[in-house]
1. Can we say residue 549 is of a type outside the set (Ser, Thr, Tyr), assigned to a loop (DSSP other than H, G, I, E, B) and within 15 Å of residue 650 (Cβ to Cβ)?
2. From (1) over 30 Å from residue 1562 (Cα atoms); (2) in contact (Cβ under 8 Å) with a residue 60 or more places away in the chain; (3) open to solvent by less than 10 Å² (accessible area, probe 1.4 Å); (4) not charged (D, E, K, R), pick out the condition that doesn't hold for residue 1429.
3. If you check 843, 889, which single one turns out to be more than 30 Å from residue 553 (Cβ to Cβ) and either open to solvent by 10 Å² or more (accessible area, probe 1.4 Å) or not basic (Lys, Arg) (or both)?
4. Of the residues in region 305-314, how many are surrounded by fewer than 17 Cβ atoms within 10 Å (Cβ to Cβ) and in a loop (DSSP other than H, G, I, E, B)?
5. With the requirement that a residue be of a type in the set (Lys, Arg) and out of contact with any Leu (no Cβ under 7 Å at 6 or more places or on another chain), what does region 990-1025 give you?
6. Could you list all residues from region 1358-1382 that are open to solvent by 30 Å² or more (accessible area, probe 1.4 Å) and either over 17 Å from residue 1276 (Cα atoms) or in contact with a Pro (Cβ under 7 Å, 6 or more places away or on another chain) (or both)?
7. Listed residues 1135, 1130; which is assigned to a loop (DSSP other than H, G, I, E, B) and buried (at least 18 other Cβ atoms within 10 Å of the Cβ)?
Amino acid sequence: AELMTHLSAPPSLSVYITQKGYEKKRGKLLAPYIPQIQGVDPSLQIDNRIQASSQAVHPGSKHNKSRAPNTRDERFRSDLHTEAVQAALAKYKERKMPMPSKRRSVLVQSSVEACTPPDTSSASEDEGSLRRQGRLATSTPYQGHGHPAVEHWFNRVIQGSSTSSSASSTSSHPGGRSVTTTNTTAHAALNANAAATVLADLMAHTQLDNHSAAPPDVTGLLERSSRHTERPQVASVRGVSRGYNHHTTVMETADGVPVNSRVSSKIQQLLNTLKRPKRPPLREFFVDDFEELLDVQEPDPNQPKPEGQQMSPLEGDHLGLVNKWPPSLPAALQRWGTTQPKSPCLTALDNAGKPVYTLTYGKLWTRSQKLAYTLLNKLSTRNEPLLMPGDRVALVFPNNDPVMFMVAFYGCLLAELVPVPIEVPLTRKDAGSQQIGFLLGSCGVTLALTTDACQKGLPKAQTGEVATFKGWPRLLWFVTDGKHVVKPPKDWHPPIREASNDIAYIEYKTSKEGSTMGITVSHSAMLAHCHALTQACCYTEAETITNVLDFKREAGLWHGVLTSVMNRMHVISIPYSLMKVNPLSWIQKVHTYKARVAVVKSRDMHWSLLAQRDQRDISLSSLRMLIVADGANPWSISSCDAFLNVFQARGLRPEVICPCASSSEAMTVAIRRPPEMGVPPPGKAVLSMGGLSHSVIRVDTEEKLSVLTVQDVGQVMPGAVVCVVRVEGTPYLCQTDEVGEICVSSGSTGVAYYGLPGMTKNVFETIPVMSSGVPISDRPFTRTSLLGFVGPDNLVFVVGKMDGLMVVSGRRHNADDVVATALAVEPMKFVYRGRIAVFSVSVLHDERIVVVAEQRPDASEEDSFQWMSRVLQAIDSIHQVGVYCLALVPANTLPKAPLGGIHISETKQRFLEGALHPCNVLMCPHTCVTNLPKPRQKQPEVGPASMIVGNLVAGKRIAQACGRDVAQLEDNDQARKFLYIQDVLQWRAQATPDHPLFLVLNAKGTVASTASCLQLHKRAERVAAALMGRLNTGDHVALVYPPGIDLIATFYGCLYAGCVPVTVRPPHPQNLATTLPTVKMIVEVSKSVCILTTQAIMKLLKSKEAAAAVDIKSWPMVLDTDDLPRKKSPQMYKPPTPEMLAYLDFSVSTTGILAGVKMSHAATSALCRSIKLQCELYPSRQIAICLDPYCGLGFALWCLCSVYSGHQSILVPPLELESNASLWLAAVSQYKVRVTFCSYSVMEMCTKGLGSQTEALRLRNVNLSCVRTCMVVAEERPRIALTQSFSKIFKDLGLSPRAVSTTFGCRVNVAICLQPNRLGKLAEQGTAGPDPTTVYVDMRALRHDRVRLVERGSPHSLPLMESGKILPGVKVIIANTETKGPLGDSHLGEVWVSSPHNATGYYTVYGEEALHADHFNTKLSFGDTQTMWARTGYLGFLRRTELTDASGERHDALYVVGSLDETLELRGMRYHPIDIETSVIRSHKSIAECAVFTWTNLLVVVVELEGSEQEALDLVALVTNVVLEEHYLIVGVVVVVDPGVIPINSRGEKQRMHLRDGFLADQLDPIYVAYNM
C-alpha cells in the first residue's frame, strides 16, 4: 500500500509553479507580437526561434516539407476544430496506459486483402488517385507562425524519427523533479533511434505540458520512472546497444511474493490509471433489501435549461399556381415526349467521362411505353398475367446506368406498377442485403427488372439462374434491354390519370438498428414535391443540371429523375465510379455543359478540392445553384467554405451554394433559395457542445474548445408547415432555444412505412401539442429524423440526425461530431480518414460509445495505440463523454454502404456478434461506467441475542438435516463386527476366497487384470513382508502407482504392516516439469519415509529429466513392488485402538492448497458402512467406477468399498478415455451395470467426444437402459448444464433421464451426500429418497449472501440442483460464517457436518496450518453448543421440500453453492467464479473455456479461444459487456489463450490459482492481453 500511495503522490510543485509563472509572463510580453490563433491559448504558440532550432536537428526529416494541410477528410474538416482538439490534448497530462500485449503471430495479417489499402470508394477520400496534394491558403491560417507547439512536436517526433517510434527524453532526477532544458530537443532527437527499442508503453505516452515551449520532457512519471520502469522487450536496432534502458524492478505482489514480471507492472500501471477520480460523482442511494439498484444519474442542477418562448410553427410560401402544370408526372412525360421528342432528357457518362448516350424525351416516352406494355401483357404464369396494376416491382440497376433505370422507373409508372429501387446485390453476404430481402418479401415483390450487363454479373446458382440471396423471396429476373421488350399495338395507350393518393413508388431506408423499411410515396405527394422543388429552386424549362448523387433515392431521384422530367430539364448524370477516377468530373461537366444547377454532397466538393490544381481553365460562372444535399450534416460547412475559397477565383459566386436538409420520410424539408429570390443572407451559428448535449442552444463565447459551427439550410419548403418537437415522449413543441426533432406537415412527404402500421402512426401521423396539451393543428405532421431548431430570419438549422443520436447518461451526443473529433487528432497516418464508424451500444442500462476505425497496414502497434489513447482523451475533453470501446480493424474489412462510406448498423451488428475481428482494441469501462450499484457495506449480523425458540431461529426453522440413523439400521452386515478394514479383507479371503472383487479394464475395453478376495490378500501379504523388515509401525509410505490392482494391494499391505499409506498420482512422463514437483511435495509434506512404486515409475523418478524438475537426490527410499518374493509376513499388525490413523488422503484444492486429511480406522469403517447402506451394496452387485483412485470419494470407492461390502468393482482408469472415449459407457453396457460412478471431466469427455457418435454406439449394441444410477463424484456445486446435456445425448442409448445424479464431499468429510436413484420395484418399496430437486435462486441476492427463490426463467435466475441425499449417520447444519450461529431454512451460510466418518484433522495444510485449526472441531456460538462440527468451507443452504423420504419425513434438500475459498470479494459482494465464467462462455461461440480470478482488486478473465486467432480481439468487448450486464462488475484484464491452457485437476475442477500464478509469471503465452481502462 505504501508503494501505491507513493506512486500516486503528486510531483513536487515548486518547479511546476515557477514554470507556469514564467509562461504567463512570457505570454504577456510576447502577446502583441504573436497573432492570436483563434481558440488556442497564446502559450501554445511557438515563436520561430524554437521551431528553427528543432528543425535544425533533423535536416532530412519529413516534417520539413510542409505537409499538405488538406489531406484530412474534408467532410469533417474544420481548422477550428482541429485546433480545439490540439489544445484539448495539450491540456491533458497524458496518463500512461498499459499497452495490450499480443502474440506476434496475430500481428501478421492473415488475409491478403487486408494488406491492400482500402479502395477509394470507401470514402478514404485522400487515398489513391486523390493523393495529389494541393495547398490551400485558407486551411492553414497560421502557416507563418508554425503549428501550435504540440502538434508541431508530435509531427516531428512521429514522422521524424527514422524508426517511426516516438522519441523521448528519459532523464529522471533523484529529487523527483522534471527539469525542462532547452536541449531536450536535441536529446530527443539523439534518442529517436534508441527509443524504438523500448516497449511502447514506456515511451509512447509522452506527457504534454501546455506550458512547455520546448518539446515536453517525458519524465512525466517522475517518482515512478525510477521505481517502476517496464522491462522492455529489447530488439536490436542498428547501432544501438541492446542494454539500453534495461531497468528491471522487483515488485511485491499482494501475497508478499516478489514477482518480477511484465504482467504485474502492467497491472500496476492499470491501477495507477484507474486511480484518477471518475468525473461523474457517484450519488448516494440506498440498497434495497434484495435489489442492488443501479445508480441512477440525477440531472446536474447546474446544467443549462431552455429559457426561450414556446416556438410557433413556421409556414413556407404558398405553392404558386402554374397555368400549364401537368396533372401528374406521367402526363408531363407524355407531353414532352410528344411535343418535344428531340429535347435531351439525360446524358450518361462512362468511366472516362465521355458521354455514352443521351436519352431524349421522345425516346424516354416510347421506351417506357414499350416496357409498360410488355410488363402488363407479355409476362404470364399459367395464362394469368404475372403482374396487376398496383403490384410492386424491384428495380435493380447499377449506378452507372441511369438511362435504363429511368426507362424502367417511368415504364412502371405508366403500367401503374409500383417501382421499388434497390441496390445491386454483389455477393450473397452483402452488408444489409438480408434486410433488403426482407423488404422485398414484405412488399410482395415477385419480379425484378435489371439490365443485361447487370444480370450477367449477378452470382448464379448451379442451374445458371440468378442465385437466391440470403433472406430474399424467390424472384423472376426480367432484363429490360431492347430485345426483350415488344412494341405495343397501335391501339394500346397507357392510362394517364390525374395524380391520386395511390402509391407511386417505394423508397428504401435503413434504420439505425439496421432494419430496412420501405417508404411509400403517393402520386399526389410525388407531384406536389416536384412542384415545391421547382418553386423553391426556380427551375425553368430546359435548364441543364448535373447530378452526382445516387439517382435511385432521395435528392438524386427527386432532382435528377422526377422534377427534371416535370420541367423538361437536361440531366448530366455523373456516376460514382467516374468520381472515384476523376473527382473533378462534375466540375468539368458544369463547365462544358454550362449547367445552371449542380446537385452534390459535401464529399464531392472535398474530393474536387484535392484534385483541382491540375485544372486551370474551368469556369463555374454558369452555376446559379449548387445544391449541397447533405448540407444538414454539421460538418458540411467546412467543405462549403473551403470549396468557395478555392473556386471563387473560377467564377463561383458565394450566394450560389445552397445547402438543403431532407430525409427519406419527409423528402425535402428546407433548402437555401437561389440568390435571385431576394432571400436574407445565409446564417452561421457557433454553438456550445455542452449546451447541445442538453438539447439547449447557447451561442458560445468563452469555451472555445468544444463548439460546433453550423450553417443554415435555408427556408421551409413552399406549402409546408414546420415545427420542432421534443424527441422523447409526447411531441410537445420545443422552446425557441431548444433542439428537437423537426416535423413537417405538407402534401409532399412520404405517406407510410409499407406494411408497418404501428411505426407509420408514430412517424407519419404525429400530432405536435403545445405546452398546454392542445394540438397545434388538425393536420398530421411527419417526423423528419433531423435534429435542429429555427434560427433568426426563420432559417432552419440542423445539428444532427436521430440515427446518429447517442444518449449517454442523459446527455445527447451526435455520432458525426465524435467522428470529427477523432479525425482532428493528429497524426492521422495510422488510420484511414473516411473509414471511422461511431455508434452506441446499450450495456448496463445506458448507451456506451464505440468507435471503430480502419488501420493502415503499415501502422505499428505502438503508433496505433498512441493514436487511440489520444483519441480517447480528445473525445473526453471536447464532448465530456467517455468512449467505452475503441477498436481498429484491418484495412478494407468494415462493411461498406452502397456508395462508399461505412455501413454503420452492420458494423454495430458485427461488433455485438463478435465478428468484427479487430487488430487493436482499447476498452475504457472504468471511465465510462458510472452507474454501477454502490459497493455493499456489510450490515452487522444479528448476534446471539436473536432468541432461539424451540427449533426456530429468527422465526424460521433451523436449517439442519441428517441422513438415516446408522444405529437403527439393522442389516445382515457381516463386516460390521470388524473394527478394521484389513480384518474384513482377511475374513473375506477365508470365507469367499474366489469371489471376484476387482476387474480393471484397459483402453481397448479388454480386462487388464482381476483380483479375487484371496488373490488380493496374498498380494498384500507380500508387500507387508517386504515392509516389515525395513520400516517401523506408524511410518508413512507413499504409494505412487497408476490406477490398478497394485495400488489396492499395496494399500492393504501397508495396513497389514502397520504403516500409514499415502496414495499419490504418478508424475506424467510427458509433463514432468509440472507434475513431478507435486509428487515431491506430497512425499515431503506427508513425511513419507519410503516410496512404493513400479519399476517404470522408479526409473522415471530418478531420470535425467526428473533432475531438471526436482532434486532427485532427496527422494526417500524407493522400492519397486513388481517382483516381490512370495513370503508371508510373520504376523499381522493389530492397531491398539480404532482411533489410530489408518491412511492419509492428500488432495490439491482448487485454490491450489495442498491439504492432507487424517482418516482413522473408525472413520474408514464408518465411511464404508454409510456408503454401503446408501447404495445398497452387496456381494452380488457389480458397480463400475471411472474415477481417479488417489483421494476423496474416488479413493474410497476404488480401494475400500469393495473390500467392505464384497461387491465387484469394474475399474475404468479415466486416463484411458483420452484414447477411447466410449470405454466407460461400453463397459457399463457390456457388464449390465446398475450403479456407476464418474467425475465431471469424464462426463465432459463423453459429451464432447461422443455427442455425434450415438448412432455408431447403438450399432455396437451399447445400451444404457440397465443404469439405475450414474453418480458424479464432485466437491463443487452440481454442474446442471453438463449433467442435463449428458442425459439428453445418451437418452438415445436408453439412459433414463432420472439416472444421473450428483454427490458431494469435501476435505473434512469425503462423502456427505450421495443420490442413488431407484427405478422400478425398489422405489415402490420406499427405500428410495425422492428425485433430486432443482430450485432457481436470484443471483443478485446470492452476492449479498442471501437466498431468494425465483421462478424458472426470471431474469438473473440461477438454477441450483440438490447435491444428493445425505448419507446415513451424517448430520448437516448451516452456520453463519462470521457469528458461527445457526441459520434458518433457505438461508445461505457455511455447511457444517458431523458424522462418524469425518476426517480427524489436517495432517498439514501446506502453508496455512494456523488458519484451519478449527475446521474439524467447531461448536455453534448459540443453540446446540455441544455437538462437535467440522466446517466444510462450502457455502450452501438447506431447504425443506414438499417431498417425503423413505421414513415418511419431509425431505430436506442440501444445495451447495460453492467453496468459500474460491469466492471473489468485489465491491463488498461475494461472487462465485463459476457464475461469471458461465456468463462469459455464453457470450461467444468461440470461447471454449473460461476462468476468472482477482489480482489487486482487478477482475482478470482468462478465455480459451477455440477458433482462428483473428477472433481473439472480438472477445474483449463481449466479455466485458456480459460481465457488466449480468454481474455489475468491470473486467480489469481480458486474457485470450489457446485451448487447454487453463489447468484442470483430476476432478475436472479449474485450478484458478495456478492459472493466476502462471499469468503473473508471464507463462501463459497468451494470444492477447487487454487491459481495460
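1. No; evaluated as a whole, the condition is false for this residue.
2. The single condition residue 1429 does not satisfy is (2).
3. 843
4. 5
5. Correct list: 1004, 1018, 1019.
6. 1371, 1377, 1378, 1379, 1380
7. 1135
Conditions tested, residue by residue: (1) of a type in the set (Asp, Glu); (2) open to solvent by 40 Å² or more (accessible area, probe 1.4 Å); (3) at pLDDT 70 or above; (4) over 22 Å from residue 1570 (Cα atoms).
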{"site": "263", "(1), (2), (3), (4)": "no, no, no, no"}
{"site": "273", "(1), (2), (3), (4)": "no, no, no, no"}
{"site": "276", "(1), (2), (3), (4)": "no, yes, no, no"}
{"site": "279", "(1), (2), (3), (4)": "no, yes, no, yes"}
{"site": "293", "(1), (2), (3), (4)": "no, yes, no, yes"}
{"site": "299", "(1), (2), (3), (4)": "no, yes, yes, yes"}
{"site": "323", "(1), (2), (3), (4)": "no, yes, yes, yes"}
{"site": "329", "(1), (2), (3), (4)": "no, no, yes, yes"}
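The values are calculated or read from the model by the stated rules, or taken from the named source; none is laboratory data. No experiment lies behind these values; they were computed from the predicted model shown. Don't worry about glycine lacking a Cβ; one is built from the backbone with ideal geometry, like all the others, and counts go over all protein chains shown. For accessibility, only protein heavy atoms count, side chains too; no ligands or nucleic acids. Shrake-Rupley method; radii C 1.70, N 1.55, O 1.52, S 1.80 Å.
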